[in-house]
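Presented below is the structure to which this report refers.
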Amino acid sequence: MKRAAAEPEILPLLSARWSPRAFADVDLSLDDLAPLFEAARWAPSANNQQPWVFVAASRSEDPEGFERLANCLLPGNRRWAPRAPVLMLAAARTLRPDGKPIGTALYDLGLAVGMMSVQATAEGLWLHQMAGFDAGVATGTLGLPEDVQPVAMIAIGPIGDAAELPEDLRGREISARERQPRAAFIHRGRFGG
């Protein structure tokens with residue numbers, strides 16, 4: 001497991017969270033993920049809109065649904081992500097029932113997935129979130145309504161052996177985690193301050 005070299009120290013669950021590409025070849029049901037979905041359910045959202053939408057499939061429980069999700073991935077992610085026991089699309093409902101836009105839908109979805117990722121870490125599971133997917137294919141293949149915006153694909157499962165990854169991905173799997181310094185994103189009083 002790769003821990004964040006956080007300074008100052010942060011909660012152990014947060015420093016343990018990372019995004020592996022190597023997943024163990026195990027059976028994992030959506031029922032096994034109930035605590036993750038429950039964590040997402042209790043995420044904060046503007047006006048309690050709760051706009052998050054998840055379309056998930058377990059490779060062992062629903063091979064056809066799993067393949068539909070895998071077919072949404074771009075080639076680079078198709079090389080490794082379908083080895084995970086579960087694939088999931090994270091999407092956001094962008095309109096309220098009255099037709100007005102939910103301006104914070106993407107923010108709220110991010111909070112829900114963030115809560116889900118921390119719960120996953122507590123459960124000994126890992127999420128790898130991916131932007132490398134075809135949103136149009138996802139919309140059509142998964143039958144998403146017009147007001148549901150696909151945002152990310154997520155591979156879920158226990159960590160596997162990095163040696164089973166394609167050679168060019170192995171080094172990335174075991175290299176130290178890197179982040180930009182806090183000064184790069186904290187602005188005091190105004191942008192650039």
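Quick notes on this one:
- Restricting the first member to region 58-71 and to residues that are under 15 Å from ASP25 (Cα atoms), and the second to residues that are assigned to a helix (DSSP H, G or I) and among the small types (Gly, Ala, Ser), no beta-carbon pair is closer than 7 Å while six or more apart or on different chains.
- Pairs, first more than 22 Å from LEU73 (Cα to Cα) in region 85-114, second small (Gly, Ala, Ser) and surrounded by 24 or more Cβ atoms within 10 Å (Cβ to Cβ), C-beta under 6 Å, six or more apart: THR94/ALA105
- Odd one out for ALA24 among (1) more than 24 Å from THR141 (Cβ to Cβ); (2) without any contact (Cβ under 8 Å) to a residue 60 or more places away in the chain: (2)
- Restricting region 121-152 to residues that are surrounded by fewer than 16 Cβ atoms within 10 Å (Cβ to Cβ) and charged (D, E, K, R), the residue that is nearest to GLU67 (Cα to Cα): ASP134
- Each residue in region 91-120 was checked for being within 21 Å of LEU69 (Cα to Cα) and among the hydrophobic types (A, V, I, L, M, F, W, C), and 8 of them qualify.
- Residue count for region 68-101, restricted to those that are basic (Lys, Arg) and either in contact with a Pro (Cβ under 8 Å, 6 or more places away or on another chain) or not in a helix (DSSP H, G or I) (or both): 4
- Any chance PRO35 is of a type outside the set (D, E, K, R) and part of a loop (DSSP other than H, G, I, E, B): no
- Scanning region 134-180 for residues that are assigned to a helix (DSSP H, G or I), at pLDDT 85 or above and among the β-branched types (Val, Ile, Thr) yields VAL137, THR139, THR141.
- When region 1-51 is filtered for residues that are modelled with pLDDT of 95 or more, crowded, with 17+ Cβ neighbours inside 10 Å, among the aliphatic types (A, V, I, L, M) and out of contact with any Pro (no Cβ under 9 Å at 6 or more places or on another chain), the ones remaining, listed by number, are LEU30, LEU33, LEU36, ALA39, ALA40, ALA43.
- The lone exception for ALA40 - which of (1) touching a Ser or Thr at 6+ places or on another chain (Cβ under 8 Å); (2) assigned to a helix (DSSP H, G or I); (3) not charged (D, E, K, R) it fails: (1)
- Taking region 88-121 as the range and being under 12 Å from ASN47 (Cβ atoms) and among the β-branched types (Val, Ile, Thr) as the test, the residues that pass are ILE102, THR104.
- Close pairs (9 angstrom Cβ cut-off, 6 or more residues apart or separate chains): over 23 Å from ASP108 (Cα atoms) and of a type in the set (D, E, K, R) in region 142-164, crowded, with 21+ Cβ neighbours inside 10 Å and modelled with pLDDT under 95 anywhere: ASP161/ALA22; GLU164/ALA22
- Filter result for GLY65 (closer than 24 Å to ASP147 by Cα, part of a loop (DSSP other than H, G, I, E, B) and more than 17 Å from the chain's Cα centre (by Cα)): no
The values are calculated or read from the model by the stated rules, or taken from the named source; none is laboratory data. What you see is a predicted model, and the numbers here were worked out from it, not measured in a lab. Positions of Cβ are generated from backbone atoms using ideal geometry, with glycine treated the same way; all protein chains shown enter the neighbour counts.
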